[in-house]
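Bear in mind these aren't lab numbers, they're just calculated from the coordinates by the rules spelled out. Treat the numbers as computed from the prediction; the structure is a model and nothing was measured. With ideal geometry, Cβ positions are generated from the backbone for all residues, glycine too; neighbour counts draw on all protein chains shown.
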Amino acid sequence: MPSSPNRRPTVRDVARKAGVSVATVSRALSRPKDLKKETLDHVLKVVRETGYRSNQMAVQLRTGASRTLMVLVSDITNAFYAEFFKGNEDYARSRGYILLIGDTSQNAQSEHDYFGMLSANKADGLLWNVDATPAGLTKAGGVDPLGGHPLVLCNHNAEIDAPTVRIDNDLGGRMVAEHLLNLGHRHFAEVAGPLQHDSIRRRHDGFAATLEQAGLAVPVEWRLGGDLGIETGQEAARQIAAMDRRPTAVFAHNDATAIGLLHTLLKLGLRVPDDISVVGYDDMPYARAMTPELTSVRLPRRRWGAAAAKMLISVLEGDGTSDHQIAIPPEFKPRNSSAAPRPD
């Protein structure tokens with residue numbers, strides 16, 4: 001598709017015309033001493049010809065890049081992200097970068113504001129840890145809202161062609177199913193989040209596929225769901241308690257939901273795990289402080305954060321890893337909220 005005459009040139013346009021990589025253009029603008037003189041002169045000549053951010057280029061040639069990574073999540077108040085941010089921070093600082101952390105609230109205006117900061121060179125690249133697709137970023141192309149800055153995804157997104165560092169949620173779902181099957185369970189309920197989110201759908205798919213291999217499935221009436229908060233678990237517990245025939249085990253798609261479920265089942269007179277086993281997901285610190293302690297899937301969030309920051313810096317510094325897709329395996333943590341079912 002031909003470029004619109006009103007479209008601002010991007011770093012990709014410069015790289016394409018100069019016959020070099022995006023990383024080489026980035027180095028020419030942020031760390032010119034890293035390039036051979038002939039390469040630098042050629043890239044800067046193309047920059048001038050294309051008119052790519054000429055004012056910002058002058059600033060960068062004087063001061064260097066911002067050495068800042070932007071990290072965006074959907075809800076900065078969610079304790080889930082604390083260890084992820086710590087991993088980002090530790091690795092970024094070890095390489096001389098700092099973090100700019102933002103909350104999109106899955107709001108297009110918030111995204112636009114942060115993307116504007118990237119275009120203004122307030123950060124060198126973006127870590128996107130939101131299940132939704134960033135506004136304006138698809139394989140179809142068009143105007144680049146990031147101003148040519150590199151992007152690393154922290155969840156798989158079929159609409160965007162970008163390096164990705166994610167948790168292997170398919171494996172996490174399989175781990176839950178294998179644990180419950182090995183305990184002898186054959187009757188399962190599932191409290192899932194929105195399946196349009198890749199991370200949620202993958203844990204569901206891994207769980208369902210493993211049950212299917214054993215000739216089993218979650219009945220439609222035992223597929224419960226919501227926004228994966230404590231209230232979702234409480235409502236699921238009330239629904240389960242009211243059933244004439246109940247599952248012997250429940251897989252809740254995060255620990256907050258599992259805890260709401262567990263507490264409400266106990267209040268309604270159902271013992272965990274004697275009457276029903278409960279398995280959560282995420283292994284938040286409070287999972288080990290529950291009574292009974294919550295069986296859960298531990299997501300190595302600090303390692304995830306460090307790997308994501310490493311990937312983005314690798315793209316920025318051009319070491320050839322920009323096409324990588326990394327899936328980090330979780331760990332299964334069996335505790336007292338799951339046990340073998342009582343004999344029928």
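With respect to the conditions (1) surrounded by fewer than 21 Cβ atoms within 10 Å (Cβ to Cβ); (2) among the charged types (D, E, K, R); (3) more than 30 Å from A15 (Cβ to Cβ), E317 lacks only one, and its number is (3). Check L262, L228, L224 and return the single one that is buried (at least 18 other Cβ atoms within 10 Å of the Cβ), of a type outside the set (F, W, Y) and in a loop (DSSP other than H, G, I, E, B). Unique residue meeting the criteria: L228. Condition first: among the charged types (D, E, K, R) and in a helix (DSSP H, G or I). Now tell me which residues in the stretch 188-202 satisfy that. Result: D198, R201, R202. Considering the conditions (1) under 30 Å from Y286 (Cβ atoms); (2) touching a residue at least 40 places away in the same chain (Cβ under 8 Å); (3) of a type in the set (S, T, Y), Y97 is excluded by exactly one of them, (1). All conditions but one from (1) buried (at least 20 other Cβ atoms within 10 Å of the Cβ); (2) out of contact with any Ser or Thr (no Cβ under 9 Å at 6 or more places or on another chain); (3) among the hydrophobic types (A, V, I, L, M, F, W, C) apply to A209; the one that does not is (1).
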